[in-house]
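The values are calculated or read from the model by the stated rules, or taken from the named source; none is laboratory data. Nothing here was measured: the structure is a model prediction, and the numbers come from that model. FYI the Cβ positions are ideal-geometry reconstructions off the backbone, even for glycines, and counts take in every protein chain you see. Each accessible area value is taken on the protein alone, full model and side chains, heavy atoms only, with ligands, DNA and RNA left out. Shrake-Rupley method; radii C 1.70, N 1.55, O 1.52, S 1.80 Å.
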Amino acid sequence: MRTLYGTELVTPLMLGTAQYPSPAILADAFRESGAEVATVSLRRESGGVRAGQPFWELIRELGVAVLPNTAGCFTVKEAVTTAQMAREIFETPWIKLEVIGHTDTLEPDVFGLVDAARILCEDGFEVFPYTTDSLAVAERLVEAGCKVLMPWGSPIGSGLGLLNEHGLRSLRAHFPDLALVVDAGIGLPSHAARAMELGYDAVLVNTAVARAGDPVAMARAFALATLAGRGAVTADPIEPRDMASPSTPLIGKAFLG
Amino acid sequence: MRATTLEELLHERGLGGTRVAAAVNEVFVAASERSARKLVEGDRVEIVAPMQGG
């Protein structure tokens, strides 16, 4: 059984917490979907404002696992320091490690990512690296100590879905025992179902839920899609074939011609 | 800035007892080390708090 550093998800959906119309809608999205992991972040605290404290209370009341990210970090040093601060604030060894390589695509700087992953794994972190679908990079991340990988489906916030299914399938085949989560670019529940059908262990969605007209209903739709996709894998699907094959038995058919 | 340690600085800014983390000159300083971490002119102090994220 593949787990997220020992944690099993009944509903294989992780939700981001940014961009919701209100804190109440964010909370309802979690409650209605059954999502068990919330990604969170850090911001500069300006003196006396204490803006982060109500958010922390809200997340704590939800009772979900917290996965802090290092969003906005462009260097190894920034990412490592941010991870250390996140560990103290959120009281978790989990870190969604992002080392961004380009501002236009928000694609990972995979070189810095591997370096930061090595430092953090050695320091006792349980690292969830936001990576590409590159098999070579994945191997380096596993060597660095990562037991979960989070390859992108498509650029963050794009909603384009899984742009390289072949790459994602290849990762799944090469790492049968590693937990894999599609992070970034998922726009529709069908994308999430597809990721699960490929044998992925969970999906992480933020923009597609938070910016939907009805985020709560969309969160629920995503949860159902992830469960449908996972159910399909365990039900052992048929192989596609080129030729038709009758599904209705021909034996005993009335001779009406 | 009158504070001589990181701990004092956090209190001065009204952040004593709140859920924040700190780094000085891009190096993380654990909560347990704040009172021992002396600040000198030119130190760059970063204080962060929980925020929504994806």
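Here are the numbers:
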| item | result |
| --- | --- |
| Hits in region A:21-41 - residues which are surrounded by 15 or more Cβ atoms within 10 Å (Cβ to Cβ), without any contact (Cβ under 8 Å) to a residue 40 or more places away in the chain and hydrophobic (A, V, I, L, M, F, W, C) | A:27, A:38 |
| Filter pass, residue A:65 being at the interface with chain B (Cβ under 8 Å from one of its Cβ atoms) and touching an Asp or Glu at 6+ places or on another chain (Cβ under 7 Å) | no |
| Selected residue (criterion: nearest to the other protein chains (Cβ to nearest Cβ)) from residues of region A:191-212 that are without any contact (Cβ under 8 Å) to a residue 60 or more places away in the chain and part of a helix (DSSP H, G or I) | A:208 |
| Subset of region B:1-37 [open to solvent by less than 40 Å² (accessible area, probe 1.4 Å), within 19 Å of residue A:41 (Cα to Cα) and within 7 Å of chain A (Cβ to nearest Cβ)] | B:15, B:18, B:20, B:21, B:23, B:30 |
| Any hit, region A:237-256, residues being outside any loop (DSSP other than H, G, I, E, B) and either open to solvent by 20 Å² or more (accessible area, probe 1.4 Å) or under 26 Å from residue A:68 (Cα atoms) (or both) | no |
| First in region A:152-164 and under 13 Å from residue A:192 (Cβ atoms), second anywhere and among the basic types (Lys, Arg) and at pLDDT 90 or above, Cβ under 8 Å, 6 or more apart | A:161/A:194; A:162/A:194 |
| Those residues of region A:82-112 which are more than 13 Å from chain B (Cβ to nearest Cβ) and among the charged types (D, E, K, R), in sequence order | A:104, A:107, A:109 |
| Restricting region B:38-54 to residues that are within 18 Å of residue B:12 (Cα to Cα) and within 14 Å of another protein chain (Cβ to nearest Cβ), the residue that is surrounded by the fewest Cβ atoms within 10 Å (Cβ to Cβ) | B:44 |
| Matching residues in region A:68-88 - criterion: being within 21 Å of residue A:14 (Cα to Cα), open to solvent by less than 10 Å² (accessible area, probe 1.4 Å) and among the small types (Gly, Ala, Ser) | A:83, A:86 |
